[in-house]
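Participant: Let me give you the structure first, and then I'll get to my questions.
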Amino acid sequence: MKKLALVATLVVASSTALAGSSGGQQVSIWTDSLGQTNANGTLSTARFSSDTQQYIGCSLYSYDTGSFSATCYATTATGQYASCYTSNADMLKVVQTLNPASYLYFVANADGSCDRVISVNASYNLR
């Protein structure tokens, strides 16, 4: 009986408990009324989606010339792609905050530059 109680205690103690609000958004891409390309999604939701297409994120670049820039990119479950680039110091600060708990939203101008980059870092974005 003691062995059974010990095994039951170990099984319960080793179980992962998840609580709290959780959410996340699949990657979406659309054109707004100004003709700008918009993209958004949650990094962890895209990473753990059941399809093999979806991703969203940004890459940072630094060169020996002193230039610093970022490119943000996204692909939907159906393969639709969007990207933008920026060297705006404030947008670069936002890109540097990205992590697995991030929701990313960016808007691309017709020339491919970023109009805005927004990140929401919250526990409910984790899966």
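The values are calculated or read from the model by the stated rules, or taken from the named source; none is laboratory data. Please read these numbers as outputs of a predicted model, since none were measured by experiment. As a convention, Cβ positions derive from the backbone with ideal geometry for all residues, glycine included, and neighbour counts pool all protein chains shown. SASA here: full protein model, heavy atoms, side chains in, ligands and nucleic acids out. Shrake-Rupley method; radii C 1.70, N 1.55, O 1.52, S 1.80 Å.
Participant: Among the candidates Asp111, Asp32, Asp90, which residue alone is over 19 Å from Asn125 (Cα atoms) and in contact (Cβ under 8 Å) with a residue 60 or more places away in the chain?
Facilitator: Values: Asp111 fails: in contact (Cβ under 8 Å) with a residue 60 or more places away in the chain; Asp90 fails: in contact (Cβ under 8 Å) with a residue 60 or more places away in the chain.
Testing whether each residue is over 19 Å from Asn125 (Cα atoms) and in contact (Cβ under 8 Å) with a residue 60 or more places away in the chain leaves just Asp32.
Participant: Separate question: Looking only at residues in the range 92-126 that are part of a helix (DSSP H, G or I) and open to solvent by 60 Å² or more (accessible area, probe 1.4 Å), which one is nearest to Phe68 (Cα to Cα)? Show your work before the answer.
Facilitator: Going through the range 92-126, the residues part of a helix (DSSP H, G or I) turn out to be 92-95, 123-125.
Narrowing further to those that are open to solvent by 60 Å² or more (accessible area, probe 1.4 Å): 93, 123-124.
Working: Lys93: 11, Ser123: 29, Tyr124: 31 Å.
Once the filter is applied, the top-ranked residue is Lys93.
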